[in-house]
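Read the figures in this text as sums done on the coordinates, not as results from a lab. Note that the structure is predicted; figures quoted are calculated from it, not measured. Cβ placement follows ideal geometry from the backbone for every residue including glycine, while neighbour counts extend to all protein chains displayed.
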Amino acid sequence: MNANKKYKILFVCLGNICRSPAAQGIFQAIVDRNGCSDAFAIDSAGTYSGHRGDLPDRRMRRAAEARGYSLTHRARPVSMQDFFDSDLIIAMDDNNFTDLMHLAPSVETSRKIKRMSAYFSGHSLDYVPDPYYMGADGFELVLDLLEDACRGLFDSIIREGIPSES
């Protein structure tokens, strides 16, 4: 791993109050458990700015806390700078993916955008559903999916090696 540059990952959902801050918290926990905190910078954002400044949804915070994750991120919208600063941008569903592709300022930056479902190993869904209107079971399902995908993402990055700047 490159000791001089942190590998920057941005998780993106619609409002940045459920899925993406949960992915950020889960991935951070995995990184911390593996002693790699100095190698990563992890953030989250939304394609919608209506929740700017809000903490994650209280139901997501409660469900995540029960699993040992602390979600303290404040919602923010994706910015143009995110496309340049991030090494990897992870979309929670196809709508987020499409929105990010439209926002990407160049073909080069659009290549950083990936679907979270690409990192599932134990689930057959092809997206992370928005739990906002799903009730308590929806938040648990999303956390299950994100734990699986975040482990897969971490393993993939470590296996491939974190690219260094030239």
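For Lys114, the aspartates and glutamates whose Cα falls under 13 Å of its own Cα, not counting residues fewer than eight places away in the same chain, are Asp87, Asp93, Asp94, Asp99, Asp126. Quickly work out the Asp38-to-Ala118 label distance, labels modelled 7 Å from Cα along the C-beta direction, and quote it in nm with one decimal. With each label placed 7 Å out from Cα toward Cβ, I get 2.9 nm. Say we join alpha carbon atoms closer than 10 Å with springs in a Gaussian network model of the chain; which of Gly25, Gly15, Gly53 then has the biggest fluctuation? Looking only at Gly25, Gly15, Gly53, the largest GNM fluctuation is found for Gly53. Only helices enter the 222 nm calculation for the chain: every DSSP H run of n ≥ 4 contributes -39,500 (n - 2.57), and dividing by all residues gives -12500 deg cm²/dmol, rounded to 500.
Close amide H partners of Arg115, meaning residues 5 or more places away or on another chain with modelled amide H under 5 Å apart, are Ala91. Distance between the pseudo-spin-label points of Lys8 and Asp137 (7 Å out from Cα toward the beta carbon): 4.1 nm. Computing FRET efficiency as 1/(1 + (r/R0)^6) for Asn95 and Arg74, where r is the C-beta to C-beta distance and R0 is 35 Å, gives about 0.95.
For the chain, the Cβ-based charge dipole about the Cα centre amounts to some 340 debye (Lys, Arg positive; Asp, Glu negative; other atoms uncharged).
Principal axis extents of the Cα atoms in the chain, from largest to smallest and rounded to whole angstrom, are 47, 34, 31. Taking the fewest neighbouring Cβ atoms within 10 Å as the starting point, the ordered list for Met134, Met60, Met80, Met92 is Met80, Met134, Met60, Met92. The trypsin sites (Lys or Arg not before Pro) of segment 71-138 that DSSP puts in a loop, and whose beta carbon has at most 16 other beta carbons within 10 Å, are Arg74, Arg111.
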